[in-house]
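What follows is one structure encoded as structure tokens, with my remarks underneath.
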Amino acid sequence: MKKLLASVSLVAALAAPAYADGHASAETVLATVNGNDITVGHLIAMRQMLPAEYQQLPDEVLFEGMLEQLIQQQVLADEAEGNVTRAMELGLENERRAFLAAMYMDDVAMADLGDEELQAAYDEAYGSVEPTTEYNAAHILLEGQEDAENMLVELEAGADFAELAAENSIGPSGPNGGALGWFTAGMMVPEFEAAVFELEPGEVSAPVQTQFGWHVVLLNETREQAAPTLEDVRAELEEAVRRARVDARLEELTEAADVSRAEVEIDPAMIRNLDLIAE
């Protein structure tokens, strides 16, 4: 407890000049815990690794919170140093390996991305994409063919399609006048969409049978949905290009690396045996 209190006192003594000193650098010491310095650089590196939501906090809040956390971590780490187990050593090796790999991948991925590289990715993904036809339709779903034919008779007599759907359709879209909204090929069952594709806007189909029952379909309108512009998909393309960079670099480095896999038979269940690293 005395050591911890002494450390806290030292924090108070060192932190105040750091706030006021406009010439502070990454090497500026903010606290010393059991002989281990905690510097501005440690806080900078720690902030970089925080989740995005925490990075939005005010600097003064982060500064104090991170400094206190680093002090506490150092206190605990110092205590653990006297009893480092094999499991801890292996964990540290894994953490170091993962950290270095993540930092390198981030550098590769986040290197400057030029317009030409992005345009090439867009052309590859969307250059040959043809406009897609979208359909806006409504339907009246009925139990039998005779019921569907009766609906056609009423429509030919001048009845309103939406009103008939609201009064007679057994489908969930009935209360909305049978409206199905916009859809493209492949979104409806084959028999239904085949009937839709044969219609002109404003036309009503003959009765169509599907697994759901009998339909009378009204095609309201169609439209052509062109491929998205580069600006529409810029964010996802950037992510894809950066991910591809990492994949390509990883493959290149792996092929160049001296990797040998030991020819030894291991029971995969061994990874559950904590006793093996409990020394």
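When the Cα gyration tensor is reduced to axis lengths a ≥ b ≥ c, the ratio a/c is 1.5 or higher for the chain, and with a/b above b/c it is classed as prolate.
With the charge dipole of the range 127-279 set up from +1 on Lys and Arg Cβ and -1 on Asp and Glu Cβ about the Cα centre, the Cα lying farthest toward the positive end among the listed residues Asn168, Pro131, His215 is that of Pro131.
Taking the charge dipole of the range 174-272 about its Cα centre, with +1 at Lys and Arg Cβ atoms and -1 at Asp and Glu Cβ atoms, the residue from Gly181, Ala244, Ser260 reaching farthest to the positive side is Gly181. The Cα-based radius of gyration and maximum Cα-Cα distance (Dmax) for the range 93-239 are 24.5, 81 Å.
Taking 0.692 mPa s as the viscosity and 37 °C as the temperature, the Stokes-Einstein diffusion coefficient of the range 158-267 based on its alpha-carbon Kirkwood radius rounds to 171 µm²/s. Only Cα pairs under 8 Å and 6+ residues apart enter the sum, and on that basis the relative contact order of the range 109-234 stands at 35 percent.
Shape class of the range 46-100 from the Cα gyration tensor (axes a ≥ b ≥ c, square roots of the eigenvalues): oblate, since a/c reaches 1.5 or more and a/b does not exceed b/c.
Long hydrophobic helices in the chain: none of the complete DSSP H runs spans 30 Å or more by Cα along its own axis with mean Kyte-Doolittle hydropathy of at least 0.0. Accessible surface for Tyr54 stands near 120 Å², nearest 10, in the context of the full protein assembly shown (1.4 Å probe). Probing with 1.4 Å while keeping every protein chain in the model, the per residue accessible area of the range 141-257 equals 61 Å². Put a plus charge on the Cβ of each Lys and Arg, a minus charge on the Cβ of each Asp and Glu, and nothing anywhere else: the dipole of the range 187-241 about its Cα centre is then about 240 debye. Ranking of Thr85, Thr39 by solvent-accessible surface, largest first: Thr85, Thr39 (1.4 Å probe, protein heavy atoms only, all chains present). Can you send over the carbon and sulfur percentage of the accessible area for the chain, probe radius 1.4 Å, protein chains only? Percent of accessible area from carbon and sulfur atoms in the chain: 53. Comparing Ile71, Ile266, Ile140 in a Gaussian network model of the chain (Cα springs below 10 Å), the most mobile by mean-square fluctuation is Ile266.
For the chain, the Cβ-based charge dipole about the Cα centre amounts to some 1760 debye (Lys, Arg positive; Asp, Glu negative; other atoms uncharged). Look at the alpha carbon pairs under 8 Å that are at least 6 residues apart: their mean separation over the length of the chain gives a relative contact order of 17 percent.
Report the calculated FRET efficiency for Gln48 and Glu198 (r = Cβ-Cβ distance, R0 = 51 Å), to the nearest 0.05. Working from the Cβ atoms, E equals 0.30.
Heavy-atom accessible surface of Thr210, to the nearest 10 Å², is about 10 Å², with a 1.4 Å probe and all protein chains retained.
Mark the label point 7 Å from the Cα of Arg249 along Cα→Cβ and return the residues of the range 97-124 whose backbone N is within less than 15 Å of it. Taking a point 7 Å out along Cα→Cβ of Arg249, the residues of the range 97-124 whose backbone N falls under 15 Å are 99-114. Here His42 sits with roughly 90 square angstrom of accessible surface, probe radius 1.4 Å.
The values are calculated or read from the model by the stated rules, or taken from the named source; none is laboratory data. This is a predicted model, so every value here is computed, not measured. With ideal geometry, Cβ positions are generated from the backbone for all residues, glycine too; neighbour counts draw on all protein chains shown. Surface areas here come from the heavy atoms of the whole protein model, side chains and all, with no ligands, DNA or RNA. Shrake-Rupley method; radii C 1.70, N 1.55, O 1.52, S 1.80 Å.
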